[in-house]
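These notes concern the structure reproduced below.
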Amino acid sequence: MKAAVLRAFDQDLAIEEVALANPKDREVLVRIRATGVCSSDLSTIRGKTAAELPLIPGHEAAGTVERVGPGVSKVRPGDRVVLSWAPNCGQCFYCQDRHPTLCDTYGFAASRGALWDGTRRVGPAEAPIAHYSCVSSFAEFAVVPEAGCIKIAEDVPFAVAALVGCAVTTGFGAVVNDAKARPGDSVAVLGIGGVGINALTAAALSGAQTVIAMDIDPAKEALALQNGATHFVHAAAPDLIDQIRSLTAGRGVDHAIECTGRPSAMAAAYDVTRPAGDVVIVGIAAKGATLSIPAIGFPGSKKRLIGSIYGGGVPESDILRILGLYGQGRLNLDAQIGARIPLERVNEALRWLEDGVLARTMIEFP
């Protein structure tokens with residue numbers, strides 16, 4: 001199969017013909033039809049996060065089931081599916097503790113660039129290529145755990161389904177599951193990218209009265225206002241805290257959702273949150289980065305710092321819920337999709353992402 005392979009950090013991906021093994025027990029072979037180019041992929045490619053090379057990136061994807069391995073009962077050939085990049089076993093400590101995105105089985109596999117049995121399905125047997133988040137969708141096909149396949153309706157476009165597989169669910173869930181925003185609340189979203197846009201939309205759908213978009217790029221104001229924001233504030237403004245307080249009866253926001261991965265933005269999220277409010281950290285920082293908040297006064301602030309991964313809920317349930325809202329016309333996900341390109345242009349798409357492209361670039365396969 002054709003795949004985009006990362007062989008050295010901060011270098012272009014190489015388009016190569018790569019061997020692909022058959023799915024094993026409880027695994028599924030999926031023909032990728034659409035995969036989004038996400039900031040998490042970019043961070044890995046630029047060497048900001050730990051990963052073993054060579055590697056096939058890509059994790060936000062949808063496609064069609066081609067073949068199933070022994071023991072698979074959830075899907076069958078021909079099914080259209082979204083791929084979850086955090087498939088959960090349902091049996092480990094964290095799954096049983098209602099934190100499926102922290103699944104031990106998935107964590108074991110993902111940390112080794114492998115599937116659930118600790119082995120790989122791509123590349124030559126003597127030097128296999130690492131999987132990325134049990135997906136590796138920058139390729140024509142992917143072998144994935146059965147648990148990572150979520151069946152979707154025939155009328156859901158593959159590009160929309162792929163988008164829901166990561167960006168939408170991550171931003172939406174951070175507001176709904178982790179912040180638990182309620183009608184009348186105030187919400188600030190820091191970083192208006194693929195995830196932040198969906199956090200804004202979720203805040204609006206939750207009935208938040210004040211939804212503040214914060215970004216260092218003023219060009220994102222119109223996009224933010226079109227997607228649920230009631231206000232836009234420049235994130236680097238010297239009077240940032242005063243501006244936020246002026247919009248929130250002098251208190252600060254009930255919930256701040258940080259979506260950039262920059263420690264400075266995380267600190268700003270803490271600063272603009274009112275006492276007893278929620279600071280939800282979604283962005284993934286570079287290796288070695290630290291977050292510093294004032295220790296004095298923290299107990300009395302009663303602020304809650306919450307780490308949010310993949311929306312903080314049950315990915316399969318959240319994805320189906322979001323697709324239901326899309327089907328009802330309550331989420332305009334088509335508008336979030338920008339350029340549609342072949343795999344051969346993946347390196348261009350990565351550079352567009354670094355330049356701050358406002359819409360999600362989709363790699364599509366025939």
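Which residues, taken from the stretch 200-217, are open to solvent by 40 Å² or more (accessible area, probe 1.4 Å), of a type outside the set (D, E, K, R) and closer than 19 Å to residue 258 by Cβ? Explain how you work it out, then say what you get.
Initially, the stretch 200-217 is screened for residues open to solvent by 40 Å² or more (accessible area, probe 1.4 Å), giving 204-205, 209, 216-217.
Filter once more, so that each one left must be of a type outside the set (D, E, K, R): 204-205, 209, 216.
Once the filter is applied, which keeps residues that are open to solvent by 40 Å² or more (accessible area, probe 1.4 Å), of a type outside the set (D, E, K, R) and closer than 19 Å to residue 258 by Cβ, the stretch 200-217 yields 204, 216.
When both residues are 6+ apart or on different chains and their Cβ atoms are under 9 Å apart, which pairs have a first residue that lies in the stretch 165-189 and is at negative phi and open to solvent by less than 10 Å² (accessible area, probe 1.4 Å), and a second that is assigned to a helix (DSSP H, G or I) and of a type in the set (Phe, Trp, Tyr)?
Every condition considered, the pairs that remain are 166/310; 168/326; 169/310; 173/310.
Of everything in the stretch 128-142 that's over 19 Å from residue 315 (Cα atoms) and in contact with a Pro (Cβ under 8 Å, 6 or more places away or on another chain), which residue is surrounded by the most Cβ atoms within 10 Å (Cβ to Cβ)?
Narrowing the stretch 128-142 to residues over 19 Å from residue 315 (Cα atoms): 128-131, 138-142.
Among the residues that remain, those that are also in contact with a Pro (Cβ under 8 Å, 6 or more places away or on another chain) are: 129-130, 138.
Working: 129: 26, 130: 21, 138: 29.
Here the residue is 138.
Tell me, please, whether a residue that is surrounded by 23 or more Cβ atoms within 10 Å (Cβ to Cβ), in contact (Cβ under 8 Å) with a residue 12 or more places away in the chain, small (Gly, Ala, Ser) and assigned to a helix (DSSP H, G or I) can be found in the stretch 228-241.
no
Whether any residue in the stretch 314-325 is closer than 29 Å to residue 57 by Cβ, at pLDDT 95 or above, touching a Phe, Trp or Tyr at 6+ places or on another chain (Cβ under 8 Å) and of a type outside the set (A, V, I, L, M, F, W, C) is what I want to check.
Looking through the stretch 314-325, at least one residue is closer than 29 Å to residue 57 by Cβ, at pLDDT 95 or above, touching a Phe, Trp or Tyr at 6+ places or on another chain (Cβ under 8 Å) and of a type outside the set (A, V, I, L, M, F, W, C).
Quick one: which strands (runs of 3 or more DSSP E) sit completely within the stretch 1-101 and have at least 1 residues that are surrounded by 23 or more Cβ atoms within 10 Å (Cβ to Cβ), among the acidic types (Asp, Glu) and over 17 Å from the mean Cα position of the chain (by Cα)? If you could, list the steps in order and put the result at the bottom.
Working: elements: 2-5, 14-17, 27-36, 60-68, 80-83.
Hits in the stretch 1-101: 27-36.
Suppose the filter is touching a residue at least 60 places away in the same chain (Cβ under 8 Å), out of contact with any Asp or Glu (no Cβ under 7 Å at 6 or more places or on another chain), surrounded by fewer than 16 Cβ atoms within 10 Å (Cβ to Cβ) and outside any helix (DSSP H, G or I); does residue 295 pass it?
On the way: touching a residue at least 60 places away in the same chain (Cβ under 8 Å): no; out of contact with any Asp or Glu (no Cβ under 7 Å at 6 or more places or on another chain): yes; surrounded by fewer than 16 Cβ atoms within 10 Å (Cβ to Cβ): yes; outside any helix (DSSP H, G or I): yes.
So residue 295 does not fit the description; no.
Which condition breaks for residue 320 when tested against (1) open to solvent by 60 Å² or more (accessible area, probe 1.4 Å); (2) touching a residue at least 60 places away in the same chain (Cβ under 8 Å); (3) outside any helix (DSSP H, G or I)?
Evaluating residue 320 over (1) open to solvent by 60 Å² or more (accessible area, probe 1.4 Å); (2) touching a residue at least 60 places away in the same chain (Cβ under 8 Å); (3) outside any helix (DSSP H, G or I) leaves (3) as the failure.
Working only within the stretch 106-120, note down all residues that are part of a helix (DSSP H, G or I) and either in contact with a helix residue (DSSP H, G or I) (Cβ under 8 Å, 6 or more places away or on another chain) or open to solvent by 50 Å² or more (accessible area, probe 1.4 Å) (or both).
Residues of the stretch 106-120 part of a helix (DSSP H, G or I): 106-111.
The answer is 108, 111.
The values are calculated or read from the model by the stated rules, or taken from the named source; none is laboratory data. What you see is a predicted model; the values in this text were computed from it and never measured. Here Cβ is always computed from backbone atoms with ideal geometry, including for glycine, and neighbour counts include all displayed protein chains. Note: accessible area is taken over every heavy atom of the protein model, side chains too, but ligands, DNA and RNA are not part of it. Shrake-Rupley method; radii C 1.70, N 1.55, O 1.52, S 1.80 Å.
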